[in-house]
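Please treat every number below as a calculation from the coordinates, not as lab data. These numbers were taken from a predicted model, which means no experiment stands behind them. So basically every Cβ, Gly included, is an ideal-geometry build from the backbone, and we count neighbours across all protein chains shown.
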């Protein structure tokens, strides 16, 4: 009986330690998650890929912004029309993944319309508007391609 009681205490202690570790890992993931911004060149403030990606100094291209994202990050794309940064596709999201608990979120800025204009891509090979490959747990909302 006493051995059973001690064994239950050991299991409970391991479970509690596991919960504490899980709690700290969750807090670290939340703290490391960032929100970034993209804005067209005629916006105020204007987008530039040399900027920090903040609302005060947004990036310019979707593709550059995609390359900077990590699990848990959010990208808000300000309203306007964006031109492709490549000749074969409008923007490429390649090998960027969130997790089930920390998705990468890419969305249009609330109340604004963000459009990736791919109508002027002029090459003989197949073209793509938004090219997504080898990426999981990425959530898109309120963005359009033309």
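Counting other beta carbons within 10 Å of each Cβ, put 49, 73, 101 in order, fewest first. Numbers along the way, then the final one.
Numbers: 49 16, 73 21, 101 12.
Lowest to highest Cβ neighbour count: 101, 49, 73.
Sort 50, 78, 142 by Cβ crowding within 10 Å, fewest neighbours at the top.
Working: 50 8, 78 20, 142 16.
Fewest to most other Cβ atoms nearby, the residues stand as 50, 142, 78.
Taking other Cβ within 10 Å of each residue's Cβ, how do 37, 139, 109 sort, fewest first?
139, 109, 37
How much FRET efficiency would the formula 1/(1 + (r/R0)^6) give for residue 55 and residue 134, where r is the Cβ-Cβ distance and R0 is 35 Å, rounded to 0.05?
Numbers: r = 29 Å, r/R0 = 0.84.
Taking R0 as 35 Å, the efficiency between residue 55 and residue 134 is 0.75.
Could you bin all the Cα-Cα distances of region 34-120 into 5 Å bins starting at 0 and give me the percent of pairs in each, rounded to whole numbers?
3, 16, 26, 26, 18, 8, 2, 0
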